[in-house]
Every structure is written in structure tokens, then in C-alpha cells.
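To start, the structure under review is shown below, and the notes come after it.
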Amino acid sequence: MGPVPNLPAEPDDDLDSYVGLDAAAAEERARARGWSTVRTLPPGAIITMEYLRGRIDFEVDEGTVKRCWRG
């Protein structure tokens, strides 16, 4: 097994602070706080379960963030 790479730390962020925000404002805030990838998904979207360091996911319904999670 090879050495574990020295990965940068993820942003120390309160994910609950995004819930209720307009999707565009949430994305702008996430990028400003250091998230490298911001993914917006509709409710019930089928997604793979791979974890991507530095990614934040938003479930957006009618333009508003309803749920948020890492990776």
C-alpha cells in the first residue's frame, strides 16, 4: 500500500447555515468559504455515493437550499 497523500483540510463550515438560502447565494458563500466544488441537486436526485474531498452538495427545491452535506 502506498503512502496516504497529504490532502488539504476541508473548510470548517456550519452546513446548517446554508439551509433556507437562495441557491445562488449559497453557492457564492460556499466558494468564498473555500469549497472547491459546489453541486446543486434537485430533490430525489439519483447520485453516486463516492466521497469527493472539498465538495459541498445542496439539495435545492424551488430555488431554496433544503439540505446540505459534504462530499
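Below, the figures for the structure above:
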{"item": "Hey, Pro43 free of Cβ contacts under 8 Å to residues at least 60 places away in the same chain and open to solvent by less than 50 Å² (accessible area, probe 1.4 Å) or not", "result": "no"}
{"item": "Tally of residues being of a type in the set (Gly, Ala, Ser) and either under 10 Å from the mean Cα position of the chain (by Cα) or open to solvent by 60 Å² or more (accessible area, probe 1.4 Å) (or both) across segment 18-40", "result": "5"}
{"item": "Any chance Thr64 is over 10 Å from the mean Cα position of the chain (by Cα), open to solvent by less than 50 Å² (accessible area, probe 1.4 Å) and β-branched (Val, Ile, Thr)", "result": "yes"}
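The values are calculated or read from the model by the stated rules, or taken from the named source; none is laboratory data. Just so it is clear, the model here is predicted, and its values are computed rather than measured. Reconstructed Cβ throughout: ideal geometry from the backbone, glycine too, with neighbour counts over all protein chains shown. Surface areas here come from the heavy atoms of the whole protein model, side chains and all, with no ligands, DNA or RNA. Shrake-Rupley method; radii C 1.70, N 1.55, O 1.52, S 1.80 Å.
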